[in-house]
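Everything on this sheet refers to the single structure shown next.
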Amino acid sequence: MYITWGLEYVGGDACRHPHTHLYTQNMAATKNIVVFGGTGQQGSAFIRALGAYNASAPQYSIYLLSRDPSAGSSKRLESVPGVKVVQVAKNYTDEPVAAFTATGLKKGEVHGAFSMQGYISAEAQLHQGIAIADAAKDYGVKHIIYCSFDLPDHPVSWTEAEAKRKIENHIKESGMGYTILGDTDFMDNWLPTNKYMFKFSRTMVLYHSYSDPKQKHQMISTRDIGRAGAKAIHEPEKYLNKKLRLAGDEQTPADIERIYKEVMGKPIETTYSFVALLMKKTIPMLGQMAEYFDQNDHPIPLEETRAILPDVENLREFLERYKAEQAAKGK
């Protein structure tokens with residue numbers, strides 16, 4: 001559950017952006033999509049992928065809800081075709097009705113909504129996920145995209161995963177059209193540019209999660225999660241009222257280390273093994289996550305994801321793309 005996808009344009013006003021005039025003329029014909037959590041990895045990937053459908057002709061007006069429109073993460077997305085950045089309150093995920101109102105759209109004018117909760121407690125996830133779903137229904141949303149996790153039919157000990165299950169069920173029972181994105185571990189979390197906290201999760205996955213060293217760890221890039229969500233909006237006849245199981249690769253911990261070193265030229269950045277083990281034993285969420293990975297009895301058939309995204313990235317391809325992007329930036 002860890003996931004930059006699609007086509008991104010640079011430019012801002014009508015003088016620099018070749019699509020601006022086109023949008024001014026055709027905005028009324030587009031479908032309005034409101035995005036919660038749009039500056040995060042999954043949300044930004046969804047926006048870029050959905051915006052790519054606007055390249056030839058306007059199809060979607062994408063309302064990016066942002067606490068700070070002047071922030072770099074918001075400004076970068078503002079250049080994606082069809083994106084409108086909407087300033088909202090800091091607690092907008094707890095008060096989603098006010099967030100919908102801030103777009104200036106009326107009830108019945110919102111075609112779709114994207115809902116993603118960040119790294120917060122299970123209780124906060126449950127509150128926000130249900131509140132956003134209820135607000136979306138009240139606003140007349142026809143298709144909600146919810147970022148969840150791949151879950152078995154039976155309960156698991158991972159509290160955060162069970163919170164997502166409750167949100168899924170609430171959405172299914174709401175009467176709205178939906179697509180649920182059931183992802184696996186994010187490939188992005190293995191990158192050296194990712195947050196320091198992921199050193200602990202990387203160390204735990206490599207050395208303290210699997211009792212069988214031959215067991216494979218499933219992963220997906222956040223770019224591909226976003227692409228799947230955008231495709232669900234664009235092709236509802238295929239993906240409405242379904243949960244999409246998303247995994248681009250599966251490798252043993254040893255093979256993850258090998259592939260990473262072959263592509264990146266250096267080992268994965270981890271922390272002290274004993275520190276990760278201590279955290280696993282003392283922080284319930286980490287221990288539950290490790291147990292979930294170890295006891296996974298429902299791996300995603302990779303061909304199931306390829307049926308949705310034929311060009312889904314495997315780990316090697318993901319790392320090669322990242323390395324090329326860094327080189328292009330002079331890093």
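Computed values, structure above
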item	result
Residue list for the range 229-250, filter: in contact with a helix residue (DSSP H, G or I) (Cβ under 6 Å, 6 or more places away or on another chain) and either in a helix (DSSP H, G or I) or farther than 25 Å from ILE33 by Cβ (or both)	GLY229, ALA230, ALA232, TYR239, ALA247, ASP249
Selection from the range 187-211 of residues that are modelled with pLDDT of 90 or more, under 22 Å from the mean Cα position of the chain (by Cα) and in a helix (DSSP H, G or I)	MET187, ASP188, ASN189, TRP190, ARG202, VAL205
Wholly enclosed helices (runs of 4 or more DSSP H) of the range 266-331 bearing at least 2 residues exposed (fewer than 15 other Cβ atoms within 10 Å of the Cβ) and modelled with pLDDT of 95 or more	302-308, 315-328
Unmet requirement for HIS170, which otherwise passes all of (1) farther than 25 Å from GLY140 by Cβ; (2) in a helix (DSSP H, G or I)	(1)
Qualifying residue in the range 234-257 (condition: closer than 24 Å to SER209 by Cβ, of a type in the set (Ser, Thr, Tyr) and touching a Phe, Trp or Tyr at 6+ places or on another chain (Cβ under 6 Å))	no
Counted residues, the range 132-144 - those being assigned to a helix (DSSP H, G or I) and either under 14 Å from the mean Cα position of the chain (by Cα) or surrounded by 17 or more Cβ atoms within 10 Å (Cβ to Cβ) (or both)	4
Any chance LYS214 is loosely packed, with under 13 Cβ neighbours inside 10 Å, over 23 Å from the mean Cα position of the chain (by Cα) and farther than 30 Å from LYS331 by Cβ	yes
Residue match in the range 145-164 (condition: touching a Lys or Arg at 6+ places or on another chain (Cβ under 7 Å), buried (at least 20 other Cβ atoms within 10 Å of the Cβ) and outside any loop (DSSP other than H, G, I, E, B))	yes
Test: residue in the range 84-105 that is within 14 Å of SER44 (Cα to Cα), surrounded by fewer than 24 Cβ atoms within 10 Å (Cβ to Cβ), under 20 Å from the mean Cα position of the chain (by Cα) and of a type in the set (A, V, I, L, M, F, W, C)	yes
Verdict on HIS111 being of a type outside the set (Asp, Glu), touching a strand residue (DSSP E or B) at 6+ places or on another chain (Cβ under 7 Å) and surrounded by fewer than 23 Cβ atoms within 10 Å (Cβ to Cβ)	yes
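The values are calculated or read from the model by the stated rules, or taken from the named source; none is laboratory data. Since this is a predicted model, take the numbers as computed values, not measurements. Reconstructed Cβ throughout: ideal geometry from the backbone, glycine too, with neighbour counts over all protein chains shown.
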